Amino acid sequence: MEHQQTARILVAGTGPAGLIAALGFAAEGFPVTLVGPEATAPDGRTTALMNPALKVLDRLGVLEVVKSKAAPLKVMRIVDATSRLIRSPVVTFRASEIDEDQFGLNLPNSVLNPALASAVAAHAGVEWQRSMVANWRLDVEHARAVLADGSTVDASLAVAADGRLSPARQAAGISTSARSYPQAALVLNFGHSGDHTFTSTEFHTETGPFTQVPLSGNRSSLVWVVKPETATDLAALDDATLSQRIEQQMQSMLGRVTVEPGRQIYPLSAVTPLRFARDRVALVGEAAHVFPPIGAQGLNLGIRDVDDLIGIACENRTDPGAAKALAAYDFKRRPDILARSSAVNLLNMSLLSDMLPAQMARVAGLGVLGGFAPLRAFFMREGLRPGSGFAALAGGLGKQVRR
């Protein structure tokens, strides 16, 4: 029987953010209805999840299942591979510098998504309707989803985890500012003869980042951001030629490269909603933020959305979709989402820019990070857990004052 004081949560969308939201709310004792079909299309991408996001997976009982198929990220490097007049030094971030064993794990989506789906299917607190939402009816009292099979679901709060084109976001009348970039990402996995030593390298090029992230064994995943027509040309190359192009691009740093089957192209864009909740709908994941794949932010940010939303819902159990709860969520998420997305978008724009001031600003930023350990530590901490960089700085200053 449904607990009188705890209101129903409706989660729309069955990508990783939606599955994590359904599990998280159910773990806190909310009755949950998850709406959306189970993903069947193979996803060759990987997701780099940082330690705080891994803690959430651990709490939900999913980390143990996926850990053995993941590769730890212990070192992250940024290499300026542009041929421009002004280039920045290599910047190396080591987890050991901030007393962590690793920054996080790089997980194949083909491992992560099924593990989340199995956990949801096995959870007694989640009712999974494998249908699509045909339309939304939002009013003062509740959110109602009318499903494609004709059934309806009523809830106090609708969690919009339904992607970058989010129909729930549209139904709530939340407008977005969007821009598309003259870029596309070619995504694939490859084997290499050298050892990656759990190091991820982001080469900055004139068309965007070329990012290698370790996988288990002598394998890595690649996100190569180029002009859309270049992405199409690269994807059409035969295995041997493409392997050679990748090896050249990364200056043979991992030895001989062999691309694996399965290449995907994703056009790049940025979408920022003008608010993150309204009319009983709260946005999480790509419904709340879309930006270029730089610096492993996407799903980490989505997991923080879910975590913050659950925290606020727990303080408003009888009506987590009420206006004051949604206002609290919007207020809490805004600084984090806007800071992350603007930083990523600025960095991306500076790569695309031929203007000397933009290049100099980027170089100065990376140069200072490379040469000044305390600032590097601040950025690493801040990158893992927003606010913790400031906390560590304050702690350090406190110690000096006490001396």
Practice task
Among residues belonging to the stretch 338-350 that are touching a helix residue (DSSP H, G or I) at 6+ places or on another chain (Cβ under 8 Å) and either surrounded by fewer than 18 Cβ atoms within 10 Å (Cβ to Cβ) or not aliphatic (A, V, I, L, M) (or both), point out the one that is modelled with the highest pLDDT.
Solution key: 340
Practice task
Return a yes/no flag: does the stretch 306-317 have any residue that is part of a loop (DSSP other than H, G, I, E, B), within 26 Å of residue 137 (Cβ to Cβ) and assigned by TED's automatic domain parsing to the domain that holds residue 20.
Solution key: yes
Practice task
Identify the single condition in (1) of a type in the set (Lys, Arg); (2) surrounded by fewer than 19 Cβ atoms within 10 Å (Cβ to Cβ); (3) closer than 29 Å to residue 112 by Cβ that residue 137 does not satisfy, given that it satisfies every other one.
Solution key: (3)
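The rows are residues; the columns are (1) over 14 Å from residue 186 (Cβ atoms); (2) modelled with pLDDT of 95 or more; (3) in a helix (DSSP H, G or I).
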site: 209; (1), (2), (3): no, no, no
site: 217; (1), (2), (3): yes, no, no
site: 230; (1), (2), (3): no, yes, yes
site: 234; (1), (2), (3): no, yes, yes
site: 253; (1), (2), (3): yes, no, no
site: 258; (1), (2), (3): yes, yes, no
Exercise for the section: State all residues of the stretch 35-56 that are among the hydrophobic types (A, V, I, L, M, F, W, C) and either in contact with an Asp or Glu (Cβ under 7 Å, 6 or more places away or on another chain) or without any contact (Cβ under 8 Å) to a residue 40 or more places away in the chain (or both); if no residue qualifies, say none. Expected result: 41, 56
Practice task
Output the residues belonging to the stretch 83-117 that are modelled with pLDDT under 85 and in contact with a strand residue (DSSP E or B) (Cβ under 6 Å, 6 or more places away or on another chain).
Solution key: 87, 88, 90, 91, 92, 93
Problem - Hey, residue 126 at pLDDT below 95 and either closer than 30 Å to residue 243 by Cα or surrounded by 18 or more Cβ atoms within 10 Å (Cβ to Cβ) (or both) or not - result: no
Handout entry: Pair list, Cβ < 7 Å and 6+ apart or interchain, from the stretch 1-17 residues that are buried (at least 24 other Cβ atoms within 10 Å of the Cβ) to residues that are modelled with pLDDT of 90 or more and among the polar types (S, T, N, Q)
Key = 10/33; 16/113
Completion exercise
The lone condition residue 257 fails out of (1) touching a His at 6+ places or on another chain (Cβ under 9 Å); (2) free of Cβ contacts under 8 Å to residues at least 40 places away in the same chain is (2)
Practice task
Check whether at least one residue in the stretch 351-372 is modelled with pLDDT of 95 or more, among the small types (Gly, Ala, Ser) and either exposed (fewer than 15 other Cβ atoms within 10 Å of the Cβ) or in contact with an Asp or Glu (Cβ under 8 Å, 6 or more places away or on another chain) (or both), and report yes or no.
Solution key: no
Exercise for the section: Tell me which residues, restricted to the stretch 304-337, are surrounded by fewer than 14 Cβ atoms within 10 Å (Cβ to Cβ) and acidic (Asp, Glu). Expected result: 315
Completion exercise
With criteria (1) within 24 Å of the chain's Cα centre (by Cα); (2) free of Cβ contacts under 8 Å to residues at least 12 places away in the same chain, residue 209 comes up short on (2)
Exercise for the section: Just give me the residues in the stretch 168-199 being at pLDDT below 90, of a type in the set (S, T, N, Q) and surrounded by 13 or more Cβ atoms within 10 Å (Cβ to Cβ), in sequence order. Expected result: 183
Practice task
Go through the residues of the stretch 128-142 one by one and say whether even a single one is outside any strand (DSSP E or B), under 30 Å from residue 323 (Cα atoms), free of Cβ contacts under 8 Å to residues at least 60 places away in the same chain and not acidic (Asp, Glu).
Solution key: yes
Exercise for the section: Any residue in the stretch 222-236 that's within 22 Å of residue 201 (Cα to Cα): show its pairings with residues that are among the polar types (S, T, N, Q) and assigned to a loop (DSSP other than H, G, I, E, B) at Cβ separation under 8 Å, as long as the two are six or more apart or on different chains. Expected result: 225/207; 226/207; 227/207; 230/207
Exercise for the section: Check whether at least one residue in the stretch 84-103 is touching a residue at least 60 places away in the same chain (Cβ under 8 Å), in a strand (DSSP E or B), among the aliphatic types (A, V, I, L, M) and crowded, with 20+ Cβ neighbours inside 10 Å, and report yes or no. Expected result: yes
Fill in the blank from the handout: In the set 162, 195, the lone residue that is under 16 Å from residue 12 (Cα atoms), in a loop (DSSP other than H, G, I, E, B) and of a type in the set (D, E, K, R) is 162
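The values are calculated or read from the model by the stated rules, or taken from the named source; none is laboratory data. Keep in mind that this is a model prediction, so the values were computed, not measured. Glycine gets a Cβ as well: all are built from the backbone with ideal geometry, and neighbour counts include every protein chain shown.
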